[in-house]
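The values are calculated or read from the model by the stated rules, or taken from the named source; none is laboratory data. From a predicted model like this one, the values you see are computed outputs, not experimental measurements. Here Cβ is always computed from backbone atoms with ideal geometry, including for glycine, and neighbour counts include all displayed protein chains.
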Amino acid sequence: MITAARVRELWDYNEFDGLLRWRTAPCGHRKRVGDIAGWVSKSRGYRKIRLDGQDIQQHRVAWLWIHGEWPSVQLDHINGNRTDNRLVNLREATSSQNKMNVPIKRNNSSGYKGVSWCRERRKWKAQIQINGKNRMLGRFESPEEAHHVYCNQAKRLFGEFARVE
């Protein structure tokens, strides 16, 4: 188990820019003291770091560095930027809360989060995901109406975690 003492021994964490920097020069690497540690993952876009043969997301290491323990649940990047590991941009979140703070999907044709076209009824439908299950909120004449219902429900269910744009 990787401890706070171990990560503090290897890296300095700057909570204002969210970066980990090498505290000591690692053996066998070209890195020097003060160099930014890790890389940005091409697959998911998170900053990562390798320690003792494990690839770890840097936002989790930053949390450990500051709080002295691993987060008890997932960590959410409040502004949605997966490389922004400033402490003010990180908060603990359940899986459902974390999923609510994602931006609109690229393939969304309605232009509104939580809204899609229902071919069978020829109306716009609003739905929301709760604990991994889609919940229908209704069908509407316009995408704006459907989005309004989605926004109200998202704010009611997920409060500050609801990203509705």
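Things to note:
- If you filter the stretch 136-165 down to residues that are within 25 Å of the chain's Cα centre (by Cα) and of a type in the set (S, T, N, Q), you find that the one that is surrounded by the most Cβ atoms within 10 Å (Cβ to Cβ) is 153.
- Test: residue in the stretch 12-20 that is part of a loop (DSSP other than H, G, I, E, B), acidic (Asp, Glu) and more than 30 Å from residue 136 (Cβ to Cβ): yes
- Within the stretch 65-108, being under 30 Å from residue 139 (Cα atoms) and either in contact with a Ser or Thr (Cβ under 7 Å, 6 or more places away or on another chain) or part of a helix (DSSP H, G or I) (or both) holds for 95, 96, 97, 98, 99, 100.
- For the stretch 79-109, the candidate set comprises residues that are closer than 22 Å to residue 61 by Cβ, among the aliphatic types (A, V, I, L, M) and surrounded by 18 or more Cβ atoms within 10 Å (Cβ to Cβ); within that set, the residue that is modelled with the highest pLDDT is 90.
- Cβ-Cβ distances below 6 Å connect the following pairs, each with a first residue in the stretch 107-130 that is within 15 Å of residue 152 (Cβ to Cβ), a second residue that is of a type in the set (Lys, Arg), and a separation of six or more residues or different chains: 128/135.
- For the stretch 109-138, the set of residues classified as in a loop (DSSP other than H, G, I, E, B) and farther than 18 Å from residue 162 by Cα consists of 109, 110, 119, 120, 121, 122, listed by residue number.
Listed here are the residues, each with its yes/no results for (1) within 30 Å of residue 19 (Cβ to Cβ); (2) in the same structural domain as residue 17 (by TED's automatic domain parsing).
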{"residue": "58", "(1), (2)": "yes, yes"}
{"residue": "89", "(1), (2)": "yes, yes"}
{"residue": "104", "(1), (2)": "yes, no"}
{"residue": "116", "(1), (2)": "no, no"}
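- Matching residues in the stretch 35-64 - criterion: being touching a Gly at 6+ places or on another chain (Cβ under 7 Å), of a type outside the set (A, V, I, L, M) and either outside any strand (DSSP E or B) or exposed (fewer than 15 other Cβ atoms within 10 Å of the Cβ) (or both): 58
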